[in-house]
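J.: Structure provided below as structure tokens; questions to follow.
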Amino acid sequence: MKIATWNINGVRARIGNLTHWLRESAPAIVCLQEIKTVDDQFPKAEIEALGYNVETHGQKGFNGVALLSRLPFDEVNRGLPGDDADEQARFIEGVFSTPKGALRVVSLYLPNGNPIDDPAKFPYKLSWMDRLEAWARERLALEEALVLAGDYNVIPEPIDAKNPRAWVNDALFQPQTRQAFRRLKNLSFTEAVRAVTDKADVYTFWDYQGGAWQKNNGIRIDHLLLSPEAADRLGSASIEKHVRSWEKPSDHVPVAVELELEAA
DNA sequence: ATGTCGCGGGTACCGCGA
């Protein structure tokens with residue numbers, strides 16, 4: 001069963017790209033981030049026409065996440081617990097039934113956090129990461145297949161950037177950011193891409209500016225974290241890099257895993 | 001550093017967030 005995550009950078013501006021990719025890649029479940037629309041304006045019909053169920057957690061103008069699934073949803077939860085005052089749409093969880101048991105999938109859009117000297121932005125990122133860790137700790141206790149996928153806005157290691165020195169003052173590569181990501185992973189998650197390759201030059205985002213794509217000046221910030229029960233079933237992980245060369249691309253590309261959750 | 005982009009507000013481009 002293919003499960004993919006993609007920061008689409010505006011689903012209404014990119015619906016043609018999205019449907020083309022869904023036909024080509026044929027994932028069973030998709031985690032979208034930065035849909036940048038309210039739920040009412042999400043292009044649901046085009047996606048349902050391809051056989052997907054659609055659940056969104058939208059917001060006007062910014063942020064917004066969604067789950068697309070060929071399996072029916074048993075349960076959907078919107079919003080990361082831990083701060084009732086947090087109005088930003090960055091988290092949606094779906095639960096599915098598979099021949100191998102329950103499958104829980106999250107689409108998350110972790111706060112960017114820049115600039116780091118802003119009184120609100122970087123602290124918001126770090127507190128969001130604390131809330132995510134607390135949430136993950138509870139969910140891991142269920143001992144289910146859990147996939148925590150999305151745009152983490154975290155460059156985990158120097159090897160995950162073409163030019164790591166350019167990121168030392170950026171919220172995506174702060175020691176506190178990297179440490180919070182390690183704390184999350186250390187709860188017992190397997191990071192899917194690094195489970196299958198230790199190569200350099202493996203990126204998921206290339207800025208629109210400065211010819212970043214042409215120079216392969218990328219960073220790896222879109223990740224899928226797998227619970228032990230999901231990691232047991234990991235077949236492969238891949239970055240669908242060619243999508244960045246399409247017309248009117250998102251600045252991110254899809255990242256996917258294959259999990260063996262079908263009937264034997 | 002930037003050779004950029006999507007969206008909202010309000011109808012021409014600018015501010016914002018990334």
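The values are calculated or read from the model by the stated rules, or taken from the named source; none is laboratory data. This structure is a prediction, so every number in the text was calculated from the model and none was measured. Glycine also receives a Cβ, built like all others from the backbone with ideal geometry; neighbour counts cover every protein chain displayed.
J.: With the requirement that a residue be within 15 Å of A:ASN163 (Cα to Cα) and either in contact with a Lys or Arg (Cβ under 7 Å, 6 or more places away or on another chain) or within 15 Å of DNA strand B (Cβ to nearest atom) (or both), what does the stretch A:175-200 give you?
T.: Correct list: empty.
J.: Something else: Return the only residue of A:GLU24, A:GLU34, A:GLU55, A:GLU46 being within 13 Å of DNA strand B (Cβ to nearest atom) and at pLDDT 95 or above.
T.: Residue meeting the stated conditions: A:GLU34.
J.: Taking the condition in contact (Cβ under 8 Å) with a residue 24 or more places away in the chain and within 16 Å of DNA strand B (Cβ to nearest atom), does A:ILE219 pass?
T.: Yes; evaluated as a whole, the condition is true for this residue.
J.: Sticking with this structure for a sec: Applying the selection to the stretch A:39-97, what residues are surrounded by fewer than 20 Cβ atoms within 10 Å (Cβ to Cβ) and hydrophobic (A, V, I, L, M, F, W, C)?
T.: Hits for the stretch A:39-97 are A:ALA45, A:ALA49, A:LEU50, A:VAL54, A:PHE62, A:LEU71, A:PHE73, A:VAL76, A:ALA85, A:VAL95.
J.: Related question: Tell me the residue from A:ALA136, A:ALA149, A:ALA171 that is more than 24 Å from A:VAL253 (Cα to Cα), within 18 Å of the chain's Cα centre (by Cα), surrounded by 17 or more Cβ atoms within 10 Å (Cβ to Cβ) and among the hydrophobic types (A, V, I, L, M, F, W, C), please.
T.: Being more than 24 Å from A:VAL253 (Cα to Cα), within 18 Å of the chain's Cα centre (by Cα), surrounded by 17 or more Cβ atoms within 10 Å (Cβ to Cβ) and among the hydrophobic types (A, V, I, L, M, F, W, C) holds for just one of A:ALA136, A:ALA149, A:ALA171, which is A:ALA136.
J.: With polar (S, T, N, Q), surrounded by fewer than 21 Cβ atoms within 10 Å (Cβ to Cβ), farther than 29 Å from A:TRP135 by Cα and at pLDDT 95 or above as the only criterion, which of A:SER236, A:SER245, A:SER188 stands out?
T.: Matching residue, one of A:SER236, A:SER245, A:SER188: A:SER245.
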